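The values are calculated or read from the model by the stated rules, or taken from the named source; none is laboratory data. As the structure is a prediction and not an experimental result, all values here were calculated from the model. Glycine also receives a Cβ, built like all others from the backbone with ideal geometry; neighbour counts cover every protein chain displayed.
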Amino acid sequence: MYDLIIIGGGPAGITAAATAINQRLDALIIAERWGGQTTYAMQLEDMEGREIITGETLLDAFRRQLDYLDFVRDFDTVVKVMPEEGHFIV
């Protein structure tokens, strides 16, 4: 049993995993792949509009942050989440 199960490997899921681990929670992240929608042809302009950040660049930065963290990853698809007696079955 985990303290937290995170569904999705995009920026929000990766950030949630890093935060959970920094809070000493036993976390599992389940995702079909790293990156979520950032793996598509996404481009973000920085605040000053000078530099273009691609989804792949953003994903690489997240991966580097996760390299040093010890957590469980499962590359799979979540089909159902069900509540049961104060917890959830995924």
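For region 1-13, residues that are assigned to a helix (DSSP H, G or I) and either farther than 22 Å from Val79 by Cβ or of a type in the set (Phe, Trp, Tyr) (or both) total 1. Considering (1) touching a strand residue (DSSP E or B) at 6+ places or on another chain (Cβ under 9 Å); (2) surrounded by 11 or more Cβ atoms within 10 Å (Cβ to Cβ); (3) modelled with pLDDT of 85 or more, the lone condition that Thr54 does not fulfil carries the number (3). Scanning region 19-50 for residues being surrounded by fewer than 17 Cβ atoms within 10 Å (Cβ to Cβ) and either part of a strand (DSSP E or B) or modelled with pLDDT of 70 or more (or both) gives a total of 11.
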